[in-house]
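Written out below as C-alpha cells is the structure these notes cover.
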C-alpha cells in the first residue's frame with residue numbers, strides 16, 4: 001500500500017503536498033484543542049486559587065459568595081425574575097385557591113385554606129413565607145402559630161442557626177422568634193461546602209432519613225448529589241412530636257402507600273378537618289420521591305441536568321443557577337438529549353400535564369362532596385364507630401390527591417405514577433361517598449346532600465367560616481410594622497448586607 005502511495009506521489013507531487021497540508025491542519029487543530037483544555041483548566045484553577053473572600057465557617061450572605069463566583073451568582077440572582085409562563089403556571093405568583101376554590105374546602109381548618117400561591121424562584125423564598133397568611137402575625141417572643149421548623153428550607157441562615165442553637169432547639173423555637181436571624185434567601189451555602197465548593201448536605205433531616213434506612217449519604221456520588229442537595233427540601237416531610245422535629249417519612253419506602261403506612265403506624269395527622277372531622281395528612285412537595293418513579297431518574301439523570309443546565313463563558317463551563325422550569329430554555333435542557341423540535345417537546349409535556357390535571361380536578365370535586373357528606377352525617381347523629389371507615393377513605397383519598405397536587409412537576413417527572421395515584425384517590429373518594437350515603441340513610445336522610453356554592457375562593461372561604469377581611473388587614477399591618485424591624489436588626493448584627 002505504501003509502495004502504491006509513493007508511486008502516486010512520484011507521478012503527481014501535488015498529492016504529497018496535499019497530504020502534508022492535511023497533516024499540518026490536523027496537528028494545528030489538535031494543538032488548538034490541547035491549548036483550549038489547558039487554558040480552561042488554568043482559568044478554573046485561577047478562579048479557585050484567587051478567591052477574593054475566604055470563608056472559615058458557614059457564610060449565609062450570598063453576595064459574598066458572588067465575589068468569588070460571579071458567573072454563578074449572576075445567574076442565581078435571576079431566580080428573582082417573574083417573566084415565564086407555560087400552559088400550567090411558571091415563575092409567577094399565581095393564586096392557586098382563586099383558580100381552584102375546591103381546595104379551600106379540602107383544607108378547612110388548616111392554614112392552607114387561607115392562602116396558597118404558586119411557588120416563585122429561590123430569591124423570593126423569604127419574602128413569600130413572611131407575606132403568606134399561613135405564618136400569622138407573631139409580634140412577641142414565643143408567639144405562634146408556626147414553629148421555627150417552617151424556616152428550614154428557606155435560607156442558608158438555617159444551618160448557621162442550627163449550628164449555633166443545636167438542631168432540636170432550633171425546631172422547638174417559634175417561627176417569629178428567628179425573624180431577625182433568617183434573612184438571606186436560599187443560596188450558595190445551602191448546597192456548597194464553603195472551603196471546597198463541593199456539593200454538600202446541610203439539612204440534618206435528609207442525613208437522618210438515610211441513616212434510618214441503613215445508608216450513608218457520604219457515599220453518594222457527585223451525580224447523586226446533584227439531586228440530593230435538592231432533596232434536602234423538595235420532599236415530603238412532617239413535624240414530629242411536640243418538638244416539631246423535621247422528619248422525612250421514608251422508613252417504609254418512597255411510594256405514596258409506603259409513606260401512608262408510616263403515618264398510619266404512628267397515628268400521625270397534620271390537622272383535623274373542620275367539616276368532616278377526619279384526621280388529615282397534608283402532603284408538602286414530594287418532588288424527589290415522584291422524580292424517582294419516573295423515566296429520567298431511572299436513566300441516571302439528576303435534577304440539575306434539567307433545572308441547572310451547563311453554560312459556557314470563554315474557557316469556563318458552569319451550571320446555570322437560575323433554577324426553574326426547563327421549558328424556558330429547551331435548547332439548553334431538553335434538546336441536549338432529544339432531537340424533536342421545541343414545539344413537539346413542549347406539547348409532549350402539556351399532554352402529560354393535561355391528562356393528569358383532568359383527573360386531579362375531578363378528584364378535588366369528589367373529595368369536597370365527601371367532606372360535606374361527612375359533615376351532614378355528623379349533624380344527623382352518626383357515631384364514631386359508624387364513621388371510622390368512611391373517614392379513613394377520605395384521609396387516604398385526599399393524601400393521594402395532595403401527594404400529586406403538592407408536587408412541582410410530578411405530572412411530567414412521573415406521568416404514569418402520577419395518574420396511578422390520582423386514580424386510586426378518586427376511587428377512595430367514591431368509596432367514602434358510598435359509605436356515607438349508607439350512614440345518612442340509616443339516620444333518616446334519604447335524599448342527596450345539598451352541596452354548598454364554593455365556585456369562588458371567597459365563597460369557599462366564607463362557607464368554612466374564615467374572616468378573610470380581618471386576616472388580610474392584620475397581615476398587611478404586620479408586614480408594615482414587624483418585618484422592617486427584623487431587617488433593621490439583621491443589618492445591625494451583620495446578618496444581612498446593608499444594601500439588601
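Where a number appears in this text, it was derived from the coordinates with a stated rule and is not lab data. Here the structure is a predicted model, which means the values were calculated and not measured. Here Cβ is always computed from backbone atoms with ideal geometry, including for glycine, and neighbour counts include all displayed protein chains.
Extending 7 Å from the Cα toward the beta-carbon at both residue 195 and residue 140 defines two label points whose distance is 4.5 nm. Taking a ≥ b ≥ c as the square roots of the Cα gyration tensor eigenvalues, segment 396-500 comes out oblate, since a/c reaches at least 1.5 and a/b does not exceed b/c.
At an R0 of 25 angstrom, the distance between the Cβ atoms of residue 493 and residue 169 translates into a FRET efficiency of 0.85.
By how many nm would the segment from residue 81 to residue 434 grow when fully extended, if each residue of separation counts as 0.36 nm and the alpha-carbon distance is taken off? Provide the component values of the computation, followed by the final result.
Values: separation 353, 0.36 × 353 = 127.08 nm, distance 4.76 nm.
Here the answer is 122.3 nm.
Taking the Cα centre of each part, how many Å lie between segment 96-124 and segment 413-445? Result: 22 Å between the Cα centres. Which entry in (1) 1.08; (2) 1.00; (3) 1.14 matches Rg/Rh (Cα atoms, Kirkwood Rh) derived from the coordinates of this structure? It is the value labelled (1).
From most to least packed by mean Cβ count within 10 Å, the peptides 405-411, 347-353 give 405-411, 347-353. Placing dummy labels 7 Å off each Cα toward the beta-carbon, the span from residue 318 to residue 99 is 3.3 nm.
Could you tell me which of rounded, prolate or oblate describes segment 149-225, using a ≥ b ≥ c as the square roots of the eigenvalues of the alpha-carbon gyration tensor, with rounded for a/c under 1.5 and, failing that, prolate when a/b is larger than b/c and oblate otherwise?
Values: a/c = 2.59, a/b = 1.45, b/c = 1.78.
In terms of gyration-tensor shape, oblate.
How high is the FRET efficiency between residue 458 and residue 388 when r is their beta carbon distance and R₀ equals 25 Å, given to the nearest 0.05?
Details: r = 34 Å, r/R0 = 1.37.
Approximately 0.15, to the nearest 0.05.
The Cα center of segment 132-185 and the Cα center of segment 341-404 differ in position by 32 Å.
Contact order, relative form, for the chain: 17 percent (alpha carbon pairs under 8 Å, 6 or more residues apart, mean separation divided by residue count).
Given the peptides 371-377, 235-241, arrange them by the average over their residues of other C-beta atoms within 10 Å, most packed first. Kindly include the intermediate steps, with their values, before the conclusion.
Numbers: 371-377: 23.3, 235-241: 19.7.
The densest-packed peptide leads the list: 371-377, 235-241.
Is the C-alpha gyration tensor of segment 149-283 telling us rounded, prolate or oblate? Criteria: a/c under 1.5 is rounded; beyond that, a/b larger than b/c is prolate, otherwise oblate. Oblate, because a/c is 1.5 or more while a/b does not exceed b/c.
Output the peptides 392-402, 298-308 sorted from most to least packed, where packing is the average of other Cβ atoms within 10 Å over each peptide's residues. Mind showing how you got there, number by number?
On the way: 392-402: 24.6, 298-308: 17.3.
Descending mean neighbour count gives 392-402, 298-308.
Computed from the Cβ-Cβ distance with R0 of 45 Å, the FRET efficiency linking residue 299 to residue 471 stands at 0.45.
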